[in-house]
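Everything below concerns the one structure shown next.
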Amino acid sequence: MLKELHITTGSRTEFVDITDKIRAVVKESGVKDGLCFVFVPHTTAAVTINESADPDVRKDILDFLNGRVPRDGSYKHIEGNSDAHIKSSALGAGLTVIVKEADLVLGTWQGIYFCEFDGSRERQVLVEVMSR
Ligand code: ZN
């Protein structure tokens, strides 16, 4: 069951916790055991799994990326958002999570984040849940 989620970001770079939205798609799918694919169909955004307990972790990751890949770096891409493209490829456009007993198998501190690198704007996240 392919589901399309809509995310509205509020900053140029931002991590949005989408764990609950993905979890809801898994429940809705009726799949008990299998795999959940999360895919971002954008070239200036990404999806990643990391700590959801301390919000400073997301901030540190963003600060690291923004510091190493600055917006005003020396790039050739005429659109002026090469930093966002680089960050998107660095983190990746998709990930897979195991589904067990109709729920995501995540570590205690793990959450799923939509990573905005060229906001703010309307974004899509595609979710496919497959049964074993
Ligand atoms: Zn571009």
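The values are calculated or read from the model by the stated rules, or taken from the named source; none is laboratory data. Source: prediction; values computed, not measured. All Cβ positions, even for glycine, are placed from backbone atoms using ideal geometry, and neighbour counts span all protein chains on display. Quick note on the areas: whole protein, heavy atoms, side chains included, nothing else; ligands and nucleic acids left out. Shrake-Rupley method; radii C 1.70, N 1.55, O 1.52, S 1.80 Å.
When only residues in the stretch 97-112 that are in a strand (DSSP E or B) and of a type in the set (D, E, K, R) count, which is least open to solvent (accessible area, probe 1.4 Å)?
Going through the qualifying residues, I end up with ASP103.
Within the stretch 80-94, identify whether any single residue is part of a strand (DSSP E or B) and touching a strand residue (DSSP E or B) at 6+ places or on another chain (Cβ under 8 Å), and answer yes or no.
Within the stretch 80-94, one or more residues are part of a strand (DSSP E or B) and touching a strand residue (DSSP E or B) at 6+ places or on another chain (Cβ under 8 Å).
So which of ALA46, ALA53 ends up being open to solvent by less than 30 Å² (accessible area, probe 1.4 Å) and either part of a strand (DSSP E or B) or in contact (Cβ under 8 Å) with a residue 24 or more places away in the chain (or both)?
Step by step, each of ALA46, ALA53 is checked, and only ALA46 is open to solvent by less than 30 Å² (accessible area, probe 1.4 Å) and either part of a strand (DSSP E or B) or in contact (Cβ under 8 Å) with a residue 24 or more places away in the chain (or both).
Given the structure, is ASP72 open to solvent by 50 Å² or more (accessible area, probe 1.4 Å), free of Cβ contacts under 8 Å to residues at least 60 places away in the same chain and more than 16 Å from the ligand (Cβ to nearest atom)?
Considered against the rule, which asks whether it is open to solvent by 50 Å² or more (accessible area, probe 1.4 Å), free of Cβ contacts under 8 Å to residues at least 60 places away in the same chain and more than 16 Å from the ligand (Cβ to nearest atom), ASP72 comes out as no.
Which one of these is more than 16 Å from the ligand (Cβ to nearest atom) and surrounded by 13 or more Cβ atoms within 10 Å (Cβ to Cβ): SER29, SER88?
The conditions single out SER29.
Quick check on the stretch 113-129: of everything there that is in a strand (DSSP E or B), within 19 Å of HIS42 (Cβ to Cβ) and not charged (D, E, K, R), which residue is farthest from the ligand (Cβ to nearest atom)?
Among those that are in a strand (DSSP E or B), within 19 Å of HIS42 (Cβ to Cβ) and not charged (D, E, K, R), it is VAL127.
Looking only at the stretch 38-54, decide whether some residue is within 17 Å of LEU126 (Cβ to Cβ) and of a type in the set (D, E, K, R).
no
Restricting to the stretch 113-123, what's the tally of residues that are surrounded by fewer than 16 Cβ atoms within 10 Å (Cβ to Cβ) and closer than 22 Å to ILE61 by Cβ?
Total meeting the criteria: 2.
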